[in-house]
Amino acid sequence: KHGSPEQAVRDFYRSGLDIQKRNKLGMKPLRPWLERIGKIKGVRSLVATIAHLEKIGGGGPFGVMVDQDMKNSERYIIYLCQSGLGMPDRDYYLKDDAESLRVRTAYLKHLEAVFALTGKTKSEAKRARETIMRLETAIAKVSMTKEDLRDVDKTYHKLRVPALGRLVPNVDWNVYLKIIGAKKVKDVVVMQPVFLKAVNRMLITVPIEDWKTYLTWHLVGGAARYLSAKFEKQNFAFYGTALSGTRIMKPIWRRALGAVNGTIGEIIG
């Protein structure tokens, strides 16, 4: 039935299976967001673009999520948290042990390969990968360690929106919250205040062109497994094989099912 949950599941699943159409479309489904990134002129439009990208799954240096209030389980609240890394943990950027170096080297190759798939020349792809690594390493340096992330008291700082504006003044939080559909929110939980203060500085010290490269990477990289076969294969080469040691990609029906279940799992249920 048109508009039914069954139709949503069926159409979503079949779209994943239709690799011929995915190959034909290439990066076309990302065009509206790529154009938005390309039009960024300053911090205000940068922050607005980060907010719009958050609506489709993230891509900025910080993340937003809704969950139960850890200190009042009868209500839900917005959490602002550290984010913005392409590798799973800050240690991959900062440590020089053999495993961290191996993964970091593979990540650099992955960055260059993905930018090449977007149509960049070899020299452009190399410059882009260096920009991403430089910016993500700076973000990693101010990110909270995984040990501290387990400490509830260290990750719970409830603030009214005006106080949030004083903590992170380079973000117009009224505009940001309106774009993500939360304009009536009165308070939020800041999980890593030191991190957000550092990002606040980066918004005005990092060149806008570098932010454009960074957002392009996180948009394309985040969507790679849903695009053409070339993008999906390259995504698996790093996140599946280099990072996790998985040699063989699951069959397409399993990959499509995983995407549907991970996105509209409640409808399937």
| field | Filtered residue count, segment 222-251, keeping only those that are closer than 22 Å to residue 56 by Cβ and under 18 Å from the mean Cα position of the chain (by Cα) | value | 13
| field | Selection count where residues are out of contact with any strand residue (DSSP E or B) (no Cβ under 6 Å at 6 or more places or on another chain), open to solvent by 20 Å² or more (accessible area, probe 1.4 Å) and either hydrophobic (A, V, I, L, M, F, W, C) or more than 15 Å from residue 220 (Cα to Cα) (or both), scope segment 77-130 | value | 30
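Take residues that are among the polar types (S, T, N, Q), under 30 Å from residue 230 (Cα atoms) and touching a residue at least 40 places away in the same chain (Cβ under 8 Å) and tell me which of the helices (runs of 4 or more DSSP H) falling wholly in segment 104-194 contain 1 or more. So that I can check it myself, show each step before the final result.
On the way: elements: 122-141, 146-149, 161-167, 173-179.
Counting at least 1 such residues, we get 122-141.
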| request: Quickly run through segment 1-57 and pick out the residues that are in a loop (DSSP other than H, G, I, E, B) and over 17 Å from residue 209 (Cβ atoms). | output: 1, 2, 3, 4, 18, 26, 27, 55, 56, 57
| Single unsatisfied condition, residue 44 versus (1) surrounded by 17 or more Cβ atoms within 10 Å (Cβ to Cβ); (2) farther than 18 Å from residue 132 by Cβ | (1)
| remark: Exception for residue 209 within (1) closer than 22 Å to residue 42 by Cα; (2) part of a helix (DSSP H, G or I); (3) open to solvent by 20 Å² or more (accessible area, probe 1.4 Å); (4) touching a helix residue (DSSP H, G or I) at 6+ places or on another chain (Cβ under 6 Å) falls at (4)
| query | Taking segment 248-269 only, how many residues are open to solvent by 60 Å² or more (accessible area, probe 1.4 Å) and not polar (S, T, N, Q)? | reply | 12
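So in segment 149-161, with the set limited to residues that are surrounded by 12 or more Cβ atoms within 10 Å (Cβ to Cβ) and not hydrophobic (A, V, I, L, M, F, W, C), which one is nearest to residue 236 (Cα to Cα)? Break it down into steps so the answer makes sense when it comes.
Taking segment 149-161 and keeping what is surrounded by 12 or more Cβ atoms within 10 Å (Cβ to Cβ), we get 149, 154-161.
Okay, now just the ones that are also not hydrophobic (A, V, I, L, M, F, W, C), so 154-158, 160.
Values: 154: 35, 155: 32, 156: 35, 157: 37, 158: 38, 160: 41 Å.
The residue in question is 155.
The values are calculated or read from the model by the stated rules, or taken from the named source; none is laboratory data. None of the values given here were measured: they were computed from a predicted structure. Reconstructed Cβ throughout: ideal geometry from the backbone, glycine too, with neighbour counts over all protein chains shown. Side chains are part of the model used for accessible areas, which takes the heavy atoms of the whole protein and leaves out ligands, DNA and RNA. Shrake-Rupley method; radii C 1.70, N 1.55, O 1.52, S 1.80 Å.
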